[in-house]
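Enquirer: Input: one structure, supplied below.
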Amino acid sequence: MGDVQARDGVDRLRSALWQADASERLQAALTAGTRPDDRFIDVLVERCEVEPDFYVRDMLTWALTRHDRAYTVAALLAQLESDIGQARSQALHTLSKMADPDTWSAVTPALLRDSDPEVARAAWRTAAGLVPVGGEEQLASQLASQFGRGDRDTQRSLSRAFATIGPNAKPVVELAVASGDDTISTHALATLTIMDAPEEPFDAAVEEAKRVVALRAAPTRD
């Protein structure tokens, strides 16, 4: 009888999470987190792959953090191998919320360079939050290859990741400032500003960095 009731509970959750109304899906995820059952983990992870609504995805993450840590982490780590970008990015996001230091090594260089910007951004945030003491410079060196990549939001995410890593990342960022590529140099210089003053608006840091790089490139008079 207990197994039948458990299957019914899983089936009801799956049905609710696939409703067309986002508010119904939100309520289903909330209920799953309020009354956690390890049988829900696979269903919650499965929905993370395809859920289009930001708020529902966030509730799915919260619900997963309420379940058994070992089972949940194992399910999330498996998602990092998925061909679906959202599955990888949402798994990384949820791992960052679980803050399990043992998952640090799962954020591989391939994920840090993922061609999907959402996945890469999630990997940067997660890695920066989980990096162990002594690993900061190595992580910074891997992230430095991403300077100049993508749009404003992508570049801002990378700068914030460096700020999270902290002072041990500075030598790597300073090396990128000296790059002959103006885009890389500008992004790295703006990142230094964000590292020193996290409250500084990113757009203002970029504009100032552009000015500095332009002056550096201007011809000098004898």
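The values are calculated or read from the model by the stated rules, or taken from the named source; none is laboratory data. Given the structure is predicted, the values throughout are model-derived calculations rather than measurements. Cβ: placed from backbone, ideal geometry, glycine included. Neighbour counts: every protein chain shown.
Enquirer: Which pairs turn up if I take residues in the range 52-68 that are within 14 Å of Gln27 (Cβ to Cβ) and among the small types (Gly, Ala, Ser) and look for partners that are modelled with pLDDT of 95 or more and surrounded by 13 or more Cβ atoms within 10 Å (Cβ to Cβ) with beta carbon separation below 7 Å, at least 6 apart in sequence or on another chain?
Expert: Between residues of the range 52-68 that are within 14 Å of Gln27 (Cβ to Cβ) and among the small types (Gly, Ala, Ser) and residues that are modelled with pLDDT of 95 or more and surrounded by 13 or more Cβ atoms within 10 Å (Cβ to Cβ), the close pairs are Ala63/Ala29; Ala63/Ala32; Ala63/Gly33; Ala63/Leu44.
Enquirer: Which count do you get for residues in the range 164-181 that are surrounded by 20 or more Cβ atoms within 10 Å (Cβ to Cβ) and closer than 18 Å to Arg121 by Cα? Full working, then the answer.
Expert: First, pick out the residues of the range 164-181 that are surrounded by 20 or more Cβ atoms within 10 Å (Cβ to Cβ): 165, 169, 172-173, 176-177.
Okay, now just the ones that are also closer than 18 Å to Arg121 by Cα, so 165, 169, 173.
Going through the range 164-181 one residue at a time, the tally reaches 3.
Enquirer: Considering only the range 147-164, state which residues are more than 16 Å from Val131 (Cα to Cα) and without any contact (Cβ under 8 Å) to a residue 40 or more places away in the chain.
Expert: Answer for the range 147-164, where residues must be more than 16 Å from Val131 (Cα to Cα) and without any contact (Cβ under 8 Å) to a residue 40 or more places away in the chain: Gly148, Arg149, Gly150, Asp151, Asp153, Thr154, Ser157.
Enquirer: On the basis of being in a helix (DSSP H, G or I), on the phi < 0 side of the Ramachandran plot and crowded, with 17+ Cβ neighbours inside 10 Å, does Thr72 make the cut? Break it down into steps so the answer makes sense when it comes.
Expert: Details: in a helix (DSSP H, G or I): yes; on the phi < 0 side of the Ramachandran plot: yes; crowded, with 17+ Cβ neighbours inside 10 Å: yes.
Yes; evaluated as a whole, the condition is true for this residue.
Enquirer: Taking into account only those residues within the range 3-58 that are in a helix (DSSP H, G or I) and β-branched (Val, Ile, Thr), which is surrounded by the fewest Cβ atoms within 10 Å (Cβ to Cβ)? Quick ask: steps written out before the conclusion?
Expert: Step one: of the range 3-58, the residues in a helix (DSSP H, G or I) are 3-17, 22-34, 38-48, 54-58.
Applying the additional criterion that residues be β-branched (Val, Ile, Thr) yields 4, 10, 31, 34, 41, 43, 45, 56.
On the way: Val4: 8, Val10: 16, Thr31: 16, Thr34: 10, Ile41: 20, Val43: 24, Val45: 21, Val56: 22.
The extreme case among them is Val4.
Enquirer: Tell me which residues, restricted to the range 75-94, are of a type in the set (A, V, I, L, M) and either assigned to a helix (DSSP H, G or I) or in contact with a helix residue (DSSP H, G or I) (Cβ under 9 Å, 6 or more places away or on another chain) (or both). I'd like the intermediate steps shown before the answer.
Expert: Start the filter on the range 75-94 by keeping residues that are of a type in the set (A, V, I, L, M), which leaves 75-78, 80, 84, 87, 91-92.
Listed by number, the residues that qualify are Ala75, Leu76, Leu77, Ala78, Leu80, Ala87, Ala91, Leu92.
Enquirer: Let me ask something else about it. Collect the residues in the range 182-198 that are surrounded by fewer than 16 Cβ atoms within 10 Å (Cβ to Cβ) and either closer than 21 Å to Ser141 by Cβ or within 20 Å of the chain's Cα centre (by Cα) (or both), keeping them in residue-number order.
Expert: Let us first name the residues in the range 182-198 that are surrounded by fewer than 16 Cβ atoms within 10 Å (Cβ to Cβ), namely 182-183, 196-198.
Thr183, Asp196, Pro198, listed by residue number.
Enquirer: Quick check: anything in the range 99-111 of a type in the set (D, E, K, R), surrounded by fewer than 19 Cβ atoms within 10 Å (Cβ to Cβ) and at pLDDT 95 or above?
Expert: Taking the range 99-111 as the starting set, the residues that turn out to be of a type in the set (D, E, K, R) are 100, 102.
From the residues that got through so far, the ones that are surrounded by fewer than 19 Cβ atoms within 10 Å (Cβ to Cβ) too are 100, 102.
Then drop every residue that is not at pLDDT 95 or above, which leaves none.
Taking every residue of the range 99-111 in turn, none turns out to be of a type in the set (D, E, K, R), surrounded by fewer than 19 Cβ atoms within 10 Å (Cβ to Cβ) and at pLDDT 95 or above.
Enquirer: Only one of these is of a type outside the set (D, E, K, R), over 10 Å from the mean Cα position of the chain (by Cα) and over 25 Å from Ala209 (Cα atoms): Gly148, Gly129, Gly166, Gly135. Name it.
Expert: Numbers: Gly148 fails: over 25 Å from Ala209 (Cα atoms); Gly129 fails: over 10 Å from the mean Cα position of the chain (by Cα); Gly166 fails: over 25 Å from Ala209 (Cα atoms).
Only one candidate passes the filter, namely Gly135.
Enquirer: Could you tell me which of the residues Gly134, Gly148 is small (Gly, Ala, Ser), under 24 Å from Ala190 (Cα atoms) and surrounded by fewer than 19 Cβ atoms within 10 Å (Cβ to Cβ)? First the steps, then the outcome.
Expert: Working: Gly134 fails: under 24 Å from Ala190 (Cα atoms).
Answer to the selection: Gly148.
Enquirer: Another question, if that's okay. Go through the residues of the range 162-169 one by one and say whether even a single one is over 24 Å from Ala99 (Cβ atoms), modelled with pLDDT of 95 or more and of a type in the set (A, V, I, L, M, F, W, C).
Expert: Residues of the range 162-169 over 24 Å from Ala99 (Cβ atoms): none.
The answer is no; no qualifying residue exists.
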